[in-house]
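Read the structure below first, then the notes.
The values are calculated or read from the model by the stated rules, or taken from the named source; none is laboratory data. Not measured: the values here are computed from a predicted model. Because the Cβ atoms are built from the backbone with ideal geometry, glycine has one as well, and the counts that use them run over all protein chains shown.
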Amino acid sequence: MHDGLNQLVTATVLFLPRLAVSIATFLGFWVAAAVLQAVVARVGGRSYLGDDVRRLIQRVLKVGVLTFGAVTALGTTPRSRLRVSAFSFPTRPCSPTRSASWRRRRSRLRGAA
């Protein structure tokens, strides 16, 4: 019982820096969304945009930036179990030999040609 509790405490302490980086990333995007809203308010006030259109643009920008920030914050941990990031692309296996499914697809394509 004591060993399990010790492992839990160790895992929690090791996870805290990753959590802090993710929260800081999301807060950065939150600030960026607020700045963009202020820019749209200032530019919208000078132009001939209606209040409804200006508010719509502000909300769409805020939701878009916050969504992008949430996806980025979830993927900032080095070994994220979610394997999600706004800045990454799907990777192929790095081994010198290809996977069996890749070889099957390739043989089907060669056979069709």
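Restricting to the range 20-39, and then to whatever is in contact (Cβ under 8 Å) with a residue 40 or more places away in the chain and small (Gly, Ala, Ser), can you tell me which residue is farthest from Lys62 (Cα to Cα)? Top of the filtered list is Ser22. With respect to Val13, determine if the residue is surrounded by 12 or more Cβ atoms within 10 Å (Cβ to Cβ) and assigned to a helix (DSSP H, G or I). Considered against the rule, which asks whether it is surrounded by 12 or more Cβ atoms within 10 Å (Cβ to Cβ) and assigned to a helix (DSSP H, G or I), Val13 comes out as no.
Taking residues in the range 52-68 that are touching a residue at least 12 places away in the same chain (Cβ under 8 Å) and within 11 Å of Val40 (Cα to Cα), and partners anywhere that are surrounded by fewer than 17 Cβ atoms within 10 Å (Cβ to Cβ) and not hydrophobic (A, V, I, L, M, F, W, C), the pairs with Cβ atoms closer than 8 Å and at least 6 places apart or on different chains are Arg54/Gly45. Out of all the residues in the range 14-36, is one or more basic (Lys, Arg) and farther than 29 Å from Gly75 by Cβ? Within the range 14-36 (the criterion being basic (Lys, Arg) and farther than 29 Å from Gly75 by Cβ), the answer is no, since none of the residues qualifies. Hey, could you check the range 47-84 for residues that are closer than 22 Å to Leu36 by Cα and not in a helix (DSSP H, G or I) and say which is modelled with the highest pLDDT? Going through the qualifying residues, I end up with Gly50.
Screening the range 31-80 for residues that are of a type in the set (Lys, Arg) and more than 15 Å from the chain's Cα centre (by Cα) and picking the one that is nearest to Leu16 (Cα to Cα) gives Lys62.
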